[in-house]
Every structure is written in structure tokens, then in C-alpha cells.
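Input: a single structure, listed below in C-alpha cells.
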Amino acid sequence: MAGIPDACTLPLQPTLSELERQRQVHEKIIAETQTVTKQYLIDYAAGLGWTITIEETNLSDQAFILGVVVMGVNPLGGVNSYANIKITITDGPADTTLLKCIFDRIKPAHVTIQWIE
């Protein structure tokens with residue numbers, strides 16, 4: 001039903017307790033209905049054992065509108081992109097594979113993450 005284990009959590013399955021597996025299901029259901037905000041990502045990482053900071057970069061005051069923005073004048077995904085974030089991992093487990101996998105899965109499709117460790 002919840003699609004667990006998934007590609008991110010499959011390597012951990014043999015070591016998880018029943019309570020931890022229940023938490024995974026709960027988190028996955030919440031993640032599918034939650035609006036992903038800066039604070040949500042910080043709290044999510046903390047729940048997994050990492051301390052992170054997030055910096056939103058290259059913010060644009062306006063979204064791109066088809067027919068108004070012209071390719072070559074305001075390049076999509078270029079310098080004026082509003083969907084770039086830098087995530088700095090300040091504390092937590094050395095192996096960040098799980099965190100990166102989960103964040104890549106729950107982030108909005110238009111967001112690009114730059115990881116700083």
C-alpha cells in the first residue's frame with residue numbers, strides 16, 4: 001500500500017524495528033500530502049538524524065509564464081531561476097545517501113538541490 005520498502009529505504013530494512021517501519025509508513029503518507037517548505041525539509045532531516053541549513057538561491061520575483069518569457073532572453077533554469085536550494089549538512093551520520101535519496105524523492109520537480117557537506 002505505501003510502497004515500502006522503496007529504493008531509498010530497501011538497504012535499511014533488515015535492521016529496522018517494527019516501530020521504525022511504522023514510522024516510515026507514516027512519514028511516506030505525510031510526505032505525499034505535505035507542502036514541501038524550507039522548514040519541512042529541515043525538520044524531516046532532523047527526524048532522520050541530520051542537522052541541515054537551507055539557502056534559497058537565485059530567487060526570482062515572478063514565475064515564468066509561457067508566451068511572456070522568451071528563451072534566450074530569460075533562460076529557463078538559468079541565472080534567474082527561482083527553484084535552486086543549497087543544503088548544507090552541518091551534523092549527522094557520515095553516509096548521507098539516505099537523506100539525499102529521500103529529499104530527491106519528496107522535493108518538488110522544479111527544485112534543484114545543491115548539496116554542501
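The values are calculated or read from the model by the stated rules, or taken from the named source; none is laboratory data. Please read all numbers here as calculations on a predicted model, not as lab measurements. All Cβ positions, glycine included, derive from the backbone under ideal geometry; neighbour counts span all protein chains shown.
Taking (1) modelled with pLDDT of 85 or more; (2) hydrophobic (A, V, I, L, M, F, W, C); (3) within 26 Å of Gly3 (Cβ to Cβ) in turn, Ala94 satisfies each apart from (3).
Per-residue answers, yes or no, for (1) at pLDDT below 85; (2) closer than 23 Å to Ala45 by Cβ; (3) part of a strand (DSSP E or B):
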{"site": "Gln62", "(1), (2), (3)": "yes, no, no"}
{"site": "Met71", "(1), (2), (3)": "yes, no, no"}
{"site": "Tyr82", "(1), (2), (3)": "yes, yes, no"}
{"site": "Thr88", "(1), (2), (3)": "no, yes, yes"}
{"site": "Cys101", "(1), (2), (3)": "no, yes, no"}
{"site": "Asp104", "(1), (2), (3)": "no, yes, no"}
{"site": "Gln114", "(1), (2), (3)": "no, yes, yes"}
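Residue pairs whose Cβ atoms lie under 6 Å apart, separated by 6 or more positions or on different chains, with the first residue in region 83-111 and within 17 Å of Thr53 (Cα to Cα) and the second small (Gly, Ala, Ser) and outside any helix (DSSP H, G or I), are Gly92/Gly49; Pro93/Gly49; Val111/Ala83. Pairing residues of region 44-58 that are over 30 Å from Arg21 (Cβ atoms) with residues that are of a type outside the set (Ser, Thr, Tyr), at Cβ distances under 6 Å and at least 6 apart in sequence or on separate chains, gives Glu55/Lys86; Glu56/Ile85; Thr57/Asn84; Thr57/Lys86; Asn58/Asn84.
Residues that are part of a strand (DSSP E or B) and either of a type outside the set (Ser, Thr, Tyr) or under 12 Å from the mean Cα position of the chain (by Cα) (or both) were ranked within region 30-55; the one that is modelled with the highest pLDDT is Ile52. Does Asp6 meet the test of being charged (D, E, K, R), farther than 18 Å from Lys107 by Cβ and modelled with pLDDT under 75? Criteria not met by Asp6. Which of the residues that make up region 25-49 are surrounded by 12 or more Cβ atoms within 10 Å (Cβ to Cβ) and more than 23 Å from Gly3 (Cβ to Cβ)? Selection gives Lys38, Ile42, Ala46.
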